[in-house]
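The block underneath contains the structure these notes are about, expressed in structure tokens.
The values are calculated or read from the model by the stated rules, or taken from the named source; none is laboratory data. Predicted model only: the values in this text are computed from it and were never measured. FYI the Cβ positions are ideal-geometry reconstructions off the backbone, even for glycines, and counts take in every protein chain you see. These accessible areas exclude ligands, DNA and RNA; they are computed on the full protein's heavy atoms, side chains included. Shrake-Rupley method; radii C 1.70, N 1.55, O 1.52, S 1.80 Å.
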Amino acid sequence: MAKTVLVINSGSSSIKYQLVDLETGEGIASGLVEKIGEPVDGHYKHEFNGEKHELEEPIHDHEQGLKRVLGFFNEFGPKLDEAGIVAVGHRVVQGGSIFPNPALVTDKTINQVKDLAVLAPLHNGPEAKGAEVMRALLSDVPQIFVFDSSFFFQLPKAASTYALNKEIADQYHIRRYGAHGTSHEFISSVVPSVIGKPAEGLKQIVLHIGNGASASAEVSGKPVETSMGLTPLEGLMMGGRTGDIDPAVVFHLIRNAHMNVDELDALFNKRSGMMGMTGFGDLREVHRLVAEGNEDAKLALDVYVHRIVGYIGNYTAQMGGVDVITFTAGVGENDDVVRKMVCDKLAPFGVKLDEEKNATRSKEPRIISTPDSKITICVIPTNEELAIARKSAAIAEAGEDTYGNVFSK
């Protein structure tokens, strides 16, 4: 019988899930629950065996949503009690300084994840709730928290420390935690096999660019830098987020626009970036506007690429060189225009792009630079679900985590 892991990503008003086959690495079934707790009808989508099943009804809370999801598995397949499920893995954005590794879901770890919501208010609460509900619904299956910040727990102190008053930083746990760590770890571990070089000594930059975007630098598979900080707001320009911005802009808007904390939070996280500059968070719409001659869209795209190239230069200097740069996530995997714009800026450093390979759409890991390029350029689809599934299965098989928590039915 195949061994599978059900991977769940609970958001404030949504739940994404995928049943992953550990042997093949493929998603057997997947789905989405949307508009939880909203005054309009919610939406369910369950996909299995080439068939899509959808339903609309009011969804009052995560418990109702997850109960319906389990009902879909029983009704439309595959039945979980026949699918070889060995664990349920829950993606959690913020593990703080408490969780450098995945953890079994227990009363204690649920409360710890909830407490860490002060560092990720939009994410940790719903993620803890999702795990709490699934633990009750599937009590005989180990539930595991896998933290997005764990990979960057290894950052050197010089990279993870803000130049903030030490007492304040210590008291309020303010440091650079990073995000998208599961994706960066997965990609950096796959790169050596894709380019045919050993991981030892390899200097690489990973560009996870989608609606949320982050960059990282790894030497011998270990992270040495990343663009996101205390929260996912820091770093690259994103779909709705500002990325790097002078913090004094906050003071300026409080004093002159009389904006409060919630208004500033929404402005910086949801109403800025591509959305704020063009009216669209989707790069496909931005490219359309550029083709129509829209100057705002052209500027936004230039800023977007400028920030990416700036981080590449920073990380290349920090590592003393770079061997490979990898594009991943929605924009990185699919937007050949952005990839070309970035690589054209790097041409003076010996980057040579294979135009035909760059323009080819594919879901396979691939090299898109020419053989004589001084830096290898890759496109590798990320698979956070598979990474979460593997980590969860390892703890389920051991029956315990590194914190002394033991699974018992």
> Pick the calculated Cα extents along the principal axes in Å for this structure from (1) 70, 47, 37; (2) 59, 55, 46; (3) 53, 49, 41?
Replying inline: (2)
>> What FRET efficiency comes out for Glu397 versus Ile245 if R0 is 51 angstrom and r is the Cβ-Cβ distance? Round to the nearest 0.05.
In response: 0.70
>> Placing unit charges on C-beta atoms (Lys and Arg positive, Asp and Glu negative, everything else neutral), compute the dipole magnitude of the chain about its Cα centre in debye, rounded to 20.
In response: 880
> What are the ³J(HN,Hα) values, in whole Hz, obtained from phi via the Karplus relation 6.51 cos²θ - 1.76 cosθ + 1.60 with θ = phi - 60°, for each residue of segment 204-213 in sequence order, with x given for Gly and Pro?
Replying inline: 9, 10, 10, 10, 8, 10, x, 4, x, 9
>> Run through segment 61-121 and list the trypsin sites (Lys or Arg not before Pro) located in a DSSP loop whose Cβ has at most 12 other Cβ atoms within 10 Å.
In response: Lys79
> In segment 136-242, which chymotrypsin sites (Phe, Trp or Tyr not before Pro) are in a loop and have at most 14 other Cβ atoms within 10 Å, using DSSP for the loop call?
Replying inline: Tyr162, Tyr172
> So if we plug the beta-carbon distance of Asp372 and Ala199 into 1/(1 + (r/R0)^6) with R0 = 30 Å, what FRET efficiency do we get, rounded to 0.05?
Replying inline: 0.80
> Dipole of segment 267-391 (Lys/Arg Cβ +1, Asp/Glu Cβ -1, origin at the Cα centre): which of Ile368, Leu283, Gly332 lies farthest to the positive side?
Replying inline: Gly332
> Points 7 angstrom from Cα along the Cβ direction at Ser30 and Val303: gap in nanometres?
Replying inline: 3.1
>> Using a probe radius of 1.4 Å on heavy atoms only, what accessible surface per residue do you get for the chain? Whole Å² is fine.
In response: 47
> For Lys45, which aspartates and glutamates qualify as cross-link partners when the Cα separation must be under 18 Å and same-chain residues fewer than eight apart are set aside?
Replying inline: Glu34, Glu54, Glu56, Glu57, Asp61, Glu63, Glu75, Glu385
> Shape of segment 69-196 from its Cα gyration tensor (a ≥ b ≥ c, root eigenvalues): rounded if a/c is under 1.5, otherwise prolate when a/b > b/c, or oblate?
Replying inline: oblate
>> I want the antiparallel fraction of DSSP beta bridges within the chain, as a percent rounded to 5.
In response: 70
> Which of Lys79/Lys108; Lys222/Lys357; Lys203/Lys340; Lys129/Lys166; Lys108/Lys166; Lys16/Lys222 have a Cα-Cα distance over 23 Å?
Replying inline: Lys79/Lys108; Lys222/Lys357; Lys129/Lys166; Lys108/Lys166; Lys16/Lys222
> Given R₀ = 51 Å, FRET efficiency for Asn74-Asp344 by Cβ-Cβ distance, to 0.05?
Replying inline: 0.45
> Local charge sum around Glu384 (other residues, Cβ-Cβ under 10 Å, Lys/Arg +1, Asp/Glu -1)?
Replying inline: -2
> If you roll a 1.4 Å probe over the chain with all protein chains in place, what percent of the accessible area is carbon or sulfur?
Replying inline: 52
